[in-house]
Amino acid sequence: MLAADDPRQRQLRLLARACDRAGLSTAYGHCSVRVDEASFLVCASRPMGLIAVGEAGTVVPLDGPLPDGVMGEVRMHREIYRRRADIHAILRFISPAVTALAAIGRVPRPRHGFGAYFAPEVPMWRDPALIRSDEAAAGVAAMLESAAGIVVSVNGAVVGGADVQQALALAVFLEDAARIELLAIQTGAEHGPVLTNAQALARAVWDGRVAERLWEYWTQHDPERVT
């Protein structure tokens, strides 16, 4: 158990509400932070924007069944944490542009700076069923491999970062990349230029407070933000 006033609980609540403010999720979605090598903390099982000040999340073991009250799709978090020691925060969200692209069987391509973080292309899990079995969750995590995120068919996306700031940034970047891709399709420019792998690698950096500035913006009015 982690006390509700534990710094990791507070960070998780900030991440959840920031996701809602950024328009990345409404009634659905969930986020988590790694606690240690054997467990992680997932947010309360309700709309992320409604998670209250001081409301505790649930600690989930990496081995063993999900605790009572934890949503079934949290299995994806568990499988990703098992495979990716570099990931310390995960955000599962259902955003408009990502979902619209998935509905036509497409994913964003690296056409601009934000899209560079997902070069050469975002992997896509194409089964439209919700990920509520261990087998499906393991399949999503295996398909993610070393990528920053994955589109989960028409059910949104999952991103993983080194901390809550990176996780939020990646979710915002993925949605913006999807917005740009939809514009390219709508304007007949879908065969236009994309970044090369070398260009994307040079652009997808975190120095210069890239994630920190975005975090400050989307948490600026949060009652639990510590300045």
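The values are calculated or read from the model by the stated rules, or taken from the named source; none is laboratory data. This structure is a prediction, so every number in the text was calculated from the model and none was measured. All Cβ positions, even for glycine, are placed from backbone atoms using ideal geometry, and neighbour counts span all protein chains on display.
I'm checking my understanding of the structure. Among residues of the stretch 193-203 that are more than 25 Å from A102 (Cβ to Cβ) and exposed (fewer than 12 other Cβ atoms within 10 Å of the Cβ), which one is nearest to the chain's Cα centre (by Cα)? Going through the qualifying residues, I end up with A202. Just so you know, in the stretch 147-180 the residues that are hydrophobic (A, V, I, L, M, F, W, C), in contact with a Pro (Cβ under 8 Å, 6 or more places away or on another chain) and not in a helix (DSSP H, G or I) include one that is nearest to A27 (Cα to Cα), and it is V154. In the stretch 100-117, which residue that is of a type in the set (A, V, I, L, M, F, W, C) and assigned to a helix (DSSP H, G or I) is surrounded by the fewest Cβ atoms within 10 Å (Cβ to Cβ)? Top of the filtered list is A103.
From the list W215, W206, which one is in contact (Cβ under 8 Å) with a residue 24 or more places away in the chain, within 23 Å of F118 (Cβ to Cβ), outside any loop (DSSP other than H, G, I, E, B) and within 20 Å of the chain's Cα centre (by Cα)?
Of the residues listed, the single one that is in contact (Cβ under 8 Å) with a residue 24 or more places away in the chain, within 23 Å of F118 (Cβ to Cβ), outside any loop (DSSP other than H, G, I, E, B) and within 20 Å of the chain's Cα centre (by Cα) is W215.
Residues that are aliphatic (A, V, I, L, M), out of contact with any strand residue (DSSP E or B) (no Cβ under 8 Å at 6 or more places or on another chain) and touching a residue at least 24 places away in the same chain (Cβ under 8 Å) are absent from the stretch 155-168. The residue of the stretch 181-192 that is nearest to the chain's Cα centre (by Cα), among those that are outside any helix (DSSP H, G or I) and surrounded by 11 or more Cβ atoms within 10 Å (Cβ to Cβ), is E190. Condition (residue is of a type in the set (G, A, S), buried (at least 22 other Cβ atoms within 10 Å of the Cβ), in contact with a strand residue (DSSP E or B) (Cβ under 6 Å, 6 or more places away or on another chain) and modelled with pLDDT under 95) applied to the stretch 2-25: is it met by at least one residue? Taking every residue of the stretch 2-25 in turn, at least one turns out to be of a type in the set (G, A, S), buried (at least 22 other Cβ atoms within 10 Å of the Cβ), in contact with a strand residue (DSSP E or B) (Cβ under 6 Å, 6 or more places away or on another chain) and modelled with pLDDT under 95.
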